[in-house]
Every structure is written in structure tokens, then in C-alpha cells.
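Each remark here refers to the structure printed beneath this line.
Coordinate-derived values only; no laboratory data. Computed from a prediction, not measured in an experiment: that's the story for all the values here. Cβ coordinates were reconstructed from backbone atoms using ideal geometry, including for glycine residues, and neighbour counts include every protein chain displayed.
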Amino acid sequence: MELPGTGTGADGAPSGDAAPPRVYLHGLGASSAPYFASCAAHSRLAAGGRALLLDLLGFGYTLEEHADAVAAALEAAGVRGADVIAHSMGGSVALVLAVRHPRLVGRLVLVDANLDPVEPVRGAWGSSGIAAWTEEEFLAGGWREALYRSAVLPQLPLGGAPMARGTVPALPSAPTLRALLLDLPLPRTFLRPEADGPVRGEDELTARGVAVVPVPGCGHNNMLDNPEGFVRAVAEGLRDVSAPGDRAAASPPRRPDGPPAR
């Protein structure tokens, strides 16, 4: 899905072709349009360039395959140096995208993305519980439990422990997603629910130039629970990290297994 943008900046002046496109990536089991369309069309985010709301591949793909598929779509759309706003597991894909296809990503906004590997746990929420099933078990009925949990979860109090945060196991012998984020030489913002408190390693993230922004009145699905707060946090995050000062100070990113795609 593509939104054309207004062609003007926030002050109403013509933006020309300089405004970077914005790319939105959804989380596990979701779709970008229902999650992002209303926020992407908000005057604070729609001002300027176009917005692309991309849906990821289905299940059974690696993060590299997801990232390369997103890259192919962006290449076909003529996108370079985009602002990538990515939720949950989409944040994992966005990190790998930025490492493997650096020319496509100009700034990165991760929305309550999990940066660390998790162990498969039977009965747990989110990816940890899904990963505990074998393929046969999932097809035989595990999918029903996953759907039930996803239906019950939105009724839980906002801001509690992020039980359904999209999590993925670390790639064998590869840098963790956290390490990729710390090393990326581009402006980075991490949004988290204010009520959850600091994310693990938040001081290190901040020290390494990642702007960590708490979003009030929301749980894991920031953009659905508090659209105005989400829009404000994204807009301010992009504004605050626009300066290129941190780029030179950051070390070159370490790549996941395999050479970068061209």
C-alpha cells in the first residue's frame, strides 16, 4: 500500500523531492495497513514524501529472506534512504535490512522491537510460545491456541509486561539484533511503552546514540492503543535524530551470516 504524501513540509512549504520516503513494517502475524495506515496519513507524518506500507512474507522465512524481499520491493519502487518505521518482529527485519542494504535505509525507528533471543516456552505468549511447537503440532491445532491468545491479549491492561512482543531466536553464530542496532551508523530511535519502564540495556542504547522514547498510554501495539502519542513520538524521534553527528562516531555494522546482498 502506498500513500502519496502531501508534497509539503510541516510548515506548509513545498518539500520537493528532498523529503525521504517512509516505509512501515508490521510485526508477527499482522499486516501494515490495519496497524499503520491512519498514523501514516496523519499530518505530522504524511507531510513531505510518500509512504509505503509493506506486508512481509508469510511464515517459514529467515530474517535475511524477509529483509531481501523488502529490499526488492523498495528497489522496484525507486526508494533510497528511507525512514523505516518497524514494529515488533518487523523491527528485526528492519535491522537486517539496514545492514544488508544500507543504501535503502536513512533513519530507523523501532517500535517495541525485541533485541534479544528468547527460549521456546510451551504456553508462553508471542513468538516464544509459537516456537515451542513443532510444525506438526502447530498444524494439528497449535494455530488455534495462537489465535485465541492473540484475541485475548488486546483485552489485557495496557502497559503491563510486553508478553506478546515479537521475538525471534538469534541466528547461529551471528551478531545479535542488539549488536546490530548498536553498531549501525545511522540515526536510530527505539519506542517503548512508558508503563513498561526501561528496556534491558537502555543506558547502553542511549550511550551509543539510540534515542529511546517512551510512549504513554499504550501497550505493545503503540500505534493502536495511542495513535496520537505514537505519531508524536515518531515525528519527534525523526526530528531529534536528523543530525548526522552520530554517524561518524558509530563503528561499521557487523553483518549477519553471509555476504551483503547487492
> Which of Tyr61, Tyr35, Tyr24 comes first, and how do the rest follow, when ranked by fewest Cβ neighbours within 10 Å?
Replying inline: Tyr61, Tyr35, Tyr24
> What's the exposure ranking of Met89, Met1, going from fewest to most Cβ atoms within 10 Å?
Replying inline: Met1, Met89
>> At R0 = 22 Å, how high is the FRET efficiency between Met1 and Phe59 if r is their beta carbon distance? Nearest 0.05 is fine.
In response: 0.55
> Residue separation times 0.36 nm, minus the C-alpha to C-alpha distance between Glu119 and Ala76: what's the value?
Replying inline: 11.8 nm
> Regarding segment 55-139, what is the average projected area of its C-alpha convex hull, in nm²?
Replying inline: 6.0
> Roughly speaking, what is the stretch gain from Ser38 to Ala140, that is 0.36 nm per residue apart minus the C-alpha to C-alpha distance, in nm to one decimal?
Replying inline: 33.1 nm
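By count of other Cβ within 10 Å, fewest leading, how are Ile85, Ile130 ordered?
Ile130, Ile85
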